[in-house]
Structures are given as C-alpha cells and as structure tokens.
1. Just checking: which of the strands (runs of 3 or more DSSP E) contained wholly in the stretch 1-118 hold 2 or more residues that are small (Gly, Ala, Ser), surrounded by fewer than 21 Cβ atoms within 10 Å (Cβ to Cβ) and touching a Gly at 6+ places or on another chain (Cβ under 6 Å)?
2. Out of (1) over 17 Å from Phe64 (Cα atoms); (2) modelled with pLDDT of 95 or more; (3) charged (D, E, K, R), the odd one out for Asp190 is which?
3. Determine whether the stretch 236-251 contains at least one residue that is surrounded by 12 or more Cβ atoms within 10 Å (Cβ to Cβ), under 30 Å from Arg30 (Cα atoms), at pLDDT 95 or above and in contact with a Phe, Trp or Tyr (Cβ under 6 Å, 6 or more places away or on another chain).
4. Residue by residue through the stretch 123-178, note down the ones that are assigned to a loop (DSSP other than H, G, I, E, B), over 22 Å from Leu67 (Cβ atoms) and of a type in the set (A, V, I, L, M).
5. Of everything in the stretch 194-231, what is among the aromatic types (Phe, Trp, Tyr), surrounded by fewer than 20 Cβ atoms within 10 Å (Cβ to Cβ) and assigned to a helix (DSSP H, G or I)? Give them in sequence order.
6. Name the pairs whose Cβ atoms lie under 8 Å apart, with the first residue in the stretch 52-71 and farther than 15 Å from Gln4 by Cβ, the second surrounded by fewer than 24 Cβ atoms within 10 Å (Cβ to Cβ) and aromatic (Phe, Trp, Tyr), and 6 or more positions between them or separate chains?
7. Could you list, in sequence order, the residues of the stretch 38-97 that are small (Gly, Ala, Ser) and at pLDDT 95 or above?
Amino acid sequence: MDIQTQSIIDRLSGAPLPRHIAIIMDGNGRWAKQRSLPRSAGHYEGVTSVRRATELCSDTGVGFLTLYAFSTENWNRPQEEVDTLMTLIGMAIERETPDLVRNNVRLRLIGDIERMPADARDRLERCRQATSHCSGLTLSLCLSYSSRWEIAEAARRLARLAADGSISADEIGEEAVEAGLATSGMPAPDLLIRTGGEKRLSNFLLWQAAYAELYFTDTLWPDFGKEALADAMADFQCRERRFGRTSEQVEADTAFQADS
C-alpha cells in the first residue's frame, strides 16, 4: 500500500465508511476538449480513474463499487465514438483482469449486455468468470444500462410470474421488485457521486438510490483521483442519515448500539 493510500485510510478512520459507492463517471469528453484532444483520449484517461477508484475502495474496505460506464442512451452517440468505447471497454477489462484477481475484486456486469458487440462482451464475460471466486470488493460495471430499462425488465418478470400463477398480485411488494432488479443481492448505494459538474441522476439506479447520499463535484472524471474520492467519502461521514426518523431517534439508536 502506498503512502497516499495509507494517509487516506488514516484520515477516514474516525467514522463509518459507505458500504456501497456508486459513481456517474462524467466529463471524459470535456476533459479531452479542454486539451484539444479527440474525445477518445478522455475515455482512455478515464480508465485510469476507474483503476484508482477501485484500488481505494478495495484498500479501505468498501464492499461495493458500481460504475455507470455506458448508458442505454449512449447508443445514440456518434457511431465512431460508440465503437471506440466498446473497444476500449473490452481491452481495458482484459488488461485489468490479473490485477482484479490479485486484489480479490469480483466483477459484476449490469445492463443489457447482449446488446454489446461480441468481442467486448466476450472479454467482459471472461473477466467475470475469472474473478467469480473473489470475495473482496464487488466492482459492478453498468453497461448498456438505464434504470427505467431495469425497472421495466423487473416488471415484465413479475407479470410473467403472475400470469402463470407462481405469485399473486398481492404478493408483489418492494422486496419482490428488488429481487427482480439487476442489482439483486447487493445493498443499496450509501453514497452516489457524479463528477463533471452536472447535478442529475441521468437514469442511474433510480430505485436503489432512494436514500443514497448525493455528492456532486465539478471535477471531470479523468481528474478524479484518490484524494477526490476520499473527499467524497469524508463528506459522507459528516452526513446524518435519518431514513425518515428524527435526529433524536438517530442519536438514541447510535447510543444504544454503542452500549451494546
């Protein structure tokens, strides 16, 4: 572990960390434009930020890191950029697979993966299989993903179960819907970060982020290093998470847990 990471761990040691961090990685294109570079250069540089975020989450004991890598709406971008992104995603995940295994990081794929080109899909699947035994950080890549697509898919599955008599309409509650989401089995994100200055969720984890702490930063994704992620985590540690309760109830519950 390098000195920077150890310093961050020491800095964050005073309060609980988020168990699950989700990130909308925005700003690759603008980063490249500011430097008079093609947009693809920003995407390539963004891979380095993915590696830094994964390393820090793994080293600090965060259990889940979910990254919005390519949305359903991104298919509408110029074909040349889409092709570059698909090639980059496949090459990057293949290159990173040995390090993911070495660091006990398990890859999870979320989204309409079948829509992706065969080469990128095959490389992603090989990485998923190679890391399936890992028990540390779960790194989820949201590819060809949108929350509305995901919720509609869950609704279709429930409708089919109801139609064949496996469940009744009265049995369809929040737990049933969550079980049908692509994130089934994962805790809801505690902290949702968006880089690049925009302040919206852009069809990302709309169901799961109902009680997530939101953190927006002007920093473009390629410039979002370990210290920037640590700032977001430190900000999270200062939030009071009430989940509909009063501050007094939260304080009483905290005191009870401390005495237990």
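The values are calculated or read from the model by the stated rules, or taken from the named source; none is laboratory data. The shown structure was predicted, so the numbers you read here are calculated from the model rather than taken from an experiment. Here the Cβ positions follow ideal geometry from the backbone for every residue, glycine too, while neighbour counts run over all protein chains shown.
1. It comes to none.
2. It fails just one condition, (1).
3. Looking through the stretch 236-251, none of the residues is surrounded by 12 or more Cβ atoms within 10 Å (Cβ to Cβ), under 30 Å from Arg30 (Cα atoms), at pLDDT 95 or above and in contact with a Phe, Trp or Tyr (Cβ under 6 Å, 6 or more places away or on another chain).
4. Step one: list which residues in the stretch 123-178 are assigned to a loop (DSSP other than H, G, I, E, B), which gives 131-137, 146, 164-168, 172-173.
Next, only the ones that are over 22 Å from Leu67 (Cβ atoms) stay: 164-168, 172-173.
Ile167, Ile172, listed by residue number.
5. The one that is among the aromatic types (Phe, Trp, Tyr), surrounded by fewer than 20 Cβ atoms within 10 Å (Cβ to Cβ) and assigned to a helix (DSSP H, G or I): Tyr211.
6. As it stands, the answer is Tyr68/Phe204; Ser71/Phe204, since those pairs meet every condition given.
7. Those that are small (Gly, Ala, Ser) and at pLDDT 95 or above: Ala41, Gly42, Gly46, Ser49, Ala53, Ser58, Gly61, Gly63, Ala69, Ser71, Gly90, Ala92.
Residue by residue, here is whether (1) modelled with pLDDT under 95; (2) β-branched (Val, Ile, Thr); (3) over 30 Å from Gly61 (Cα atoms) holds:
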| residue | (1), (2), (3) |
| --- | --- |
| Ser132 | no, no, no |
| Gly136 | no, no, no |
| Cys142 | no, no, no |
| Ala152 | no, no, yes |
| Ala163 | yes, no, yes |
| Ser168 | yes, no, yes |
| Glu171 | yes, no, yes |
